[in-house]
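Before any comments, here is the structure.
Values in this text are rule-based calculations from the coordinates and carry no lab data. What you are looking at is a predicted structure, and each value in this text was computed from that prediction instead of being measured. Positions of Cβ are generated from backbone atoms using ideal geometry, with glycine treated the same way; all protein chains shown enter the neighbour counts.
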């Protein structure tokens, strides 16, 4: 089973981000955009995991302690960079608490998965296949992102099933503050 850890987003936030996506869609068809039902803030990608390992992972994740906190949307960004954009995203701030949560997750799973080197908290909105117009990326990166506030009160172990229609996500386990 293909797994990752994520913070789910509120519907109002997904609606706003869908509006940002719609502005870019008018300019460019060479980007595969994330549907609103799949929007999330990734904490750690685990990859293919056996069902037996999943149970041990859940046990370890239950030991992760954090207090709920708030984030807000910040600037638009691209990986690896604006000149060679492959992934378009929207960042969050302040970064300290989400990075601390991610490091807690990382440490709890370090015997199974490598530690993240440079975690950048973000919400992926699209993957670039090709660009007809290179200006699309600079328009996206220069667009004002409303600093909408949202609460992080839990995170989820999510299963990703790949199909011809794209990935389908299913929450398997919920982890809350403690």
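Taking the chain as a Gaussian network of alpha-carbon nodes connected by springs under 10 Å, the highest mean-square fluctuation of the residues 122, 139, 40 belongs to 139.
Counting alpha carbon pairs within less than 8 Å and at least 6 residues apart, what relative contact order, in whole percent, applies to region 2-175?
That works out to 34 percent.
To the nearest ten degrees, helix 11-25 and the longest principal axis of the Cα atoms of the chain are 40 degrees apart. Within region 1-91, the proportion of C-alpha pairs whose separation exceeds 22 Å stands at 43%. The GNM of the chain, with springs linking C-alpha atoms under 10 angstrom apart, assigns the highest mean-square fluctuation among 53, 74, 163 to 163. Among 173, 153, the order by Cβ neighbours within 10 angstrom, fewest to most, reads 153, 173. Compared with the dominant principal axis of the Cα atoms in the chain, helix 96-108 is inclined by about 50°. Within the listed set 72, 14, 26, the residue fluctuating most in the Gaussian network model of the chain (springs between alpha-carbon atoms under 10 angstrom) is 26.
Mean sequence separation of contacting Cα pairs (under 8 Å, at least six apart), scaled by the length of region 113-178, corresponds to a relative contact order of 22 percent. The modelled label-to-label distance between residue 133 and residue 53, using points 7 Å beyond Cα along the C-beta direction, is 4.4 nm. Taking the inverse of the mean 1/r over every pair of distinct Cα atoms in region 109-178 gives a Kirkwood hydrodynamic radius of 16.5 Å. Helix 51-61 and the longest principal axis of the C-alpha atoms of the chain enclose an angle of approximately 90°. Each stretch of four or more DSSP H residues adds -39500 (n - 2.57); spread over every residue of the chain, this sum gives -8000 deg cm²/dmol at 222 nm.
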